[in-house]
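Nothing in this text is a laboratory measurement; each read-out follows from the coordinates by a stated rule. The structure presented is a predicted model; accordingly, all values stated were derived computationally and were not measured. Positions of Cβ are backbone-derived with ideal geometry, glycine not excepted, and every protein chain shown enters the neighbour counts.
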Amino acid sequence: MDGDLPAAGWDNPGFDDSVWARSAGGFDSASILEHYPYAKVATEWETPEIWLRRHFTCAKPKGELLRVIVTMFHDEGSEVYLNGSLILSVREFNKNWTPFSIPVAKFNDAVKEGDNVIAVKVIQTIGDQHIDLDLSVVSAKMIKGK
């Protein structure tokens, strides 16, 4: 959703987003490729703010989680929520994909087995704009190969 402020609870799994537009990421201004030719452009975004939601299914991780990483290419201020819990807030923009470590305890408190929602709010004040991200987890079992 871009432009209009969404209703309260937009970052929670139970929020009714059936009227929200569906689009592929990344979300960008038309001029982004002039400055960042490696940006993934899928959906044009030209408003000062954008709110995004994505459902995903999560099985309980096998073994102890070692790392949780949000890799994000964003311009400008961004907030990332997992099931309504703020897990990352970044005020400045970046110029490429940047990994941000999320405390494992914070992730474990927010994630649940089954349906989950990652929600993102981005505020743009000047210049190009872009948002695309990836959520990754690494467990001890993954490293040991079992």
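Close amide H partners of T98, meaning residues 5 or more places away or on another chain with modelled amide H under 5 Å apart, are M72, F73.
Entry note, the chain: relative contact order of 34 percent, from Cα contacts under 8 Å with a spacing of 6+ residues.
Scanning residues 5 or more positions from L66 or on other chains, those with amide H under 5 Å from its amide H are V138, S139, A140, with H placed 1.01 Å from N in the peptide plane.
Counting charges near I69 (Lys, Arg +1; Asp, Glu -1) among other residues having Cβ under 14 Å from its Cβ returns a value of +1.
For Y38, the shell of other residues with beta-carbons less than 14 Å away shows a net charge of -3, using +1 for Lys and Arg and -1 for Asp and Glu. Here is how the number arises for the chain: DSSP H runs of 4 or more residues each give -39500 (n - 2.57), the sum is divided by the residue count, and the result at 222 nm is -2000 deg cm²/dmol. For I87, the residues 5 or more places off, or on other chains, whose built amide H falls under 5 Å of its own are V80, Y81, L82.
Couplings 3J(HN,Hα) for region 25-42, derived from phi with the Karplus relation 6.51 cos²θ - 1.76 cosθ + 1.60 (θ = phi - 60°), are x, x, 10, 8, 7, 4, 8, 4, 5, 5, 9, 9, x, 8, 5, 8, 9, 10 Hz, where x marks Gly and Pro.
For the options P13, P103, P37, a Gaussian network treatment of the chain with springs between C-alpha atoms closer than 10 Å singles out P37 as fluctuating the most.
Whole-Å semi-axes of the chain's equivalent ellipsoid, largest first, each the root of 5 times a Cα gyration tensor eigenvalue?
Details: eigenvalues 145, 71, 32 Å².
So the three semi-axes of the chain are 27, 19, 13 Å.
FRET efficiency for the pair A30 and A59, taken as 1/(1 + (r/R0)^6) with r the Cβ-Cβ distance and R0 = 35 Å, rounds to 0.35.
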